[in-house]
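The structure appears below as structure tokens.
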């Protein structure tokens, strides 16, 4: 659970900082901003005014900025936003198939963060236009994510087909200001009263909502002409799956569907490997790395702990 924010307007440095501060609980491991082509990292104000910050985050005046609060879960995650050439990324998410995707790209990875694979795919498919590269990138992502990417011209904020990670947006017409954030209260904090939800499987592209209908096709992984393995999942089917799985008996579904769901559950729970075994094995005090031996337990645990 990280926080992503972004704001466009006149002299919005205070608003950007206030949004990050409001969402500090979502990412206590560090903060960063992208402003005027540069990245800056540091600590947010401490609630105790007597605490001295050695590396306070400084946000100069700007008309556009992106921000991130980090909760490190996977790998040796570094601070965000991430930047390479003209591309900037800030992400709240877990990409389950990131190890596999890393092997299929020629990107020079700077960390073990799963989110960096999004940058790698965007760069792989980028050809002077952000939107087509996004459409291709989303075909290969298997995970729960909300991210914003900016290429110096266009801004896109994307929410995964299931909608596990939240994104909200709105505008203050009096201030000529537009913004997005991981929680509503960050937008309320800067004076945006009418807050909208970015629906699952949608993109906010230059502040206009676009439904992502194509490219998010299959629960089953398939090889594509680009040489990467598709991992994306269908929006409408996944929303239905999320709603209905609690009523499904894992012993009473056909073999094909069961294998598909098991694959998805295994990928999701493997992502949280250090403690996933605890949920799956049961017992009074199982070891945290206990292997998964019963696929029904795995299926049920994925439902119980909210991955679907």
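Summary of values
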item: In the stretch 135-151, residue surrounded by the fewest Cβ atoms within 10 Å (Cβ to Cβ) [restricted to those that are over 13 Å from the mean Cα position of the chain (by Cα) and modelled with pLDDT of 95 or more]; result: 151
item: Within the stretch 59-84, considering residues that are over 16 Å from residue 148 (Cβ atoms) and within 13 Å of the chain's Cα centre (by Cα), the one modelled with the highest pLDDT; result: 71
item: Contacts under 7 angstrom Cβ, first residue in the stretch 50-63 being assigned by TED's automatic domain parsing to the domain that holds residue 81, partner at pLDDT 90 or above and surrounded by fewer than 12 Cβ atoms within 10 Å (Cβ to Cβ), 6 or more apart; result: 61/11; 63/10
item: Enumeration of residues in the stretch 172-215 that are without any contact (Cβ under 8 Å) to a residue 40 or more places away in the chain and crowded, with 19+ Cβ neighbours inside 10 Å; result: 192
item: The stretch 2-38: number of residues that are surrounded by 20 or more Cβ atoms within 10 Å (Cβ to Cβ) and in a loop (DSSP other than H, G, I, E, B); result: 5
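The values are calculated or read from the model by the stated rules, or taken from the named source; none is laboratory data. Fair warning: this is a prediction, and the values are worked out from it, not measured in the lab. Cβ: placed from backbone, ideal geometry, glycine included. Neighbour counts: every protein chain shown.
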